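For reference, the structure discussed in these notes is given below.
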Amino acid sequence: MPASCEGREGVVQTGRMRTELVSEPGLAERPNEDFASVGLPASGRGGSLVVLDGVTPPRTATGCLHSVPWFTARLGGALTELTVSLPDLPLVEVLSRAVARTAAAHADTCDLSHPRTPQATVVLARWSPAAVEYLVLSDSALLLEAPDGTVTPVLDDRLARLPRSALATDAMVDARLRNKEGGFFTAAADPSVAARAVTGTLPREEVRTLVALTDGAARWVETFGEGDWADCLALVRKQGAQALVDRVRELERADAAGERAFLGRGKTHDDATVVYAEL
Ligand SMILES: [Zn+2]
């Protein structure tokens, strides 16, 4: 907790809060590789949210015997536990420990140095009576709404800033950019990646609502341009998280040629997760 937040303990009363969580696979016949949780510890004085988007592996070998859902369940489970059980541990350290714990679960059976070892994007947020902490690694999004309605997106835009030409083939990406200096970073097997995340802490009274989105849901803004981040948060508040995912699916189906979706990630439908927390 930064010094600026000390002494605020108890200033903001923890009242009723509202949370909503929706996670839907891109294709019914494929397992959902996203993970989402909301942790509300028994103290009733705070909570946490975790959203992961497991990176779909190539058809070629990855050095790992396990599935992406196996990986995201372990990493997400560890993050959920550590964010609530160790409330004073900074989120960067929480992520570092969770990556290390997950790596240890398959270090004996798998080649964790493979560039396509299971990996995920990460959004973490944790709130207490004094503060809201957040962490974003890779291309999922966290929206922070202030009491006056201002919405600030927290984005790790390293991947978005890379030229399309650099992303032409998986082999190029894996050799030069994936978890490499000058490229982009995901939570895989190296705990030190946590230091690459976009992080911050705000006084609790400056945050009214949090929304975390995997890129499959963020397409509503980023691919289809249906509105800005504030519009996106307003839609989730008024119509619910499922309405956002349903609208993305409609837009994907309407975009039959895949022209706009292709500018995104190259999949017609992607796993889509939305977590809404009104503090
Ligand atoms: Zn493995």
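Values quoted throughout were computed directly from the atomic coordinates according to the rules given, and no laboratory measurement underlies them. What you see is a predicted model, and the numbers here were worked out from it, not measured in a lab. Glycine gets a Cβ as well: all are built from the backbone with ideal geometry, and neighbour counts include every protein chain shown.
Relative intensity of segment 116-250 on a log10 scale, I(q)/I(0) at q = 0.10, 0.17 Å⁻¹, equals -0.38, -0.99, per a Debye sum over C-alpha point scatterers of equal strength in the absence of solvent. With neighbours defined as other Cβ atoms within 10 Å of a residue's Cβ, the residues Cys64, Cys232 order from fewest to most as Cys64, Cys232.
A protection proxy built from the mean count of other Cβ atoms within 10 Å ranks the segments 45-56, 177-188, most packed first, as 45-56, 177-188.
Dividing the Cα radius of gyration of segment 1-158 by 2.2 N^0.38 Å, with N the residue count, gives 1.14.
Amide H contacts of Ala131 (H built 1.01 Å from N, in plane; Pro and chain starts excluded): Arg204 sit under 5 Å, all sequence-distant by 5 or more or on other chains.
At full extension, Asp157 and Thr169 could sit 2.4 nm farther apart than now, given 0.36 nm per residue minus the alpha carbon distance. The length gained by stretching the chain between Asp228 and Ala105 to full extension, at 0.36 nm per residue less their Cα-Cα distance, is 40.3 nm.
Counting only Cβ charges, +1 for Lys and Arg and -1 for Asp and Glu, the dipole size of the chain around its Cα centre is about 220 debye. For segment 131-185, the convex hull spanned by the alpha carbon atoms encloses 86 Å³ per residue. So what is the orientation-averaged projected area of the chain, using the convex hull of its C-alpha atoms, in nm²? Dividing the Cα hull surface by four gives the mean projection, 14.6 nm². Using the rule -39500 (n - 2.57) for each DSSP H run of four or more residues, divided by the residues of the chain, the 222 nm mean residue ellipticity is -8500 deg cm²/dmol.
What FRET efficiency comes out for Thr60 versus Glu181 if R0 is 25 angstrom and r is the Cβ-Cβ distance? Round to the nearest 0.05. Plugging the Cβ-Cβ distance into 1/(1 + (r/R0)^6) gives 0.55.
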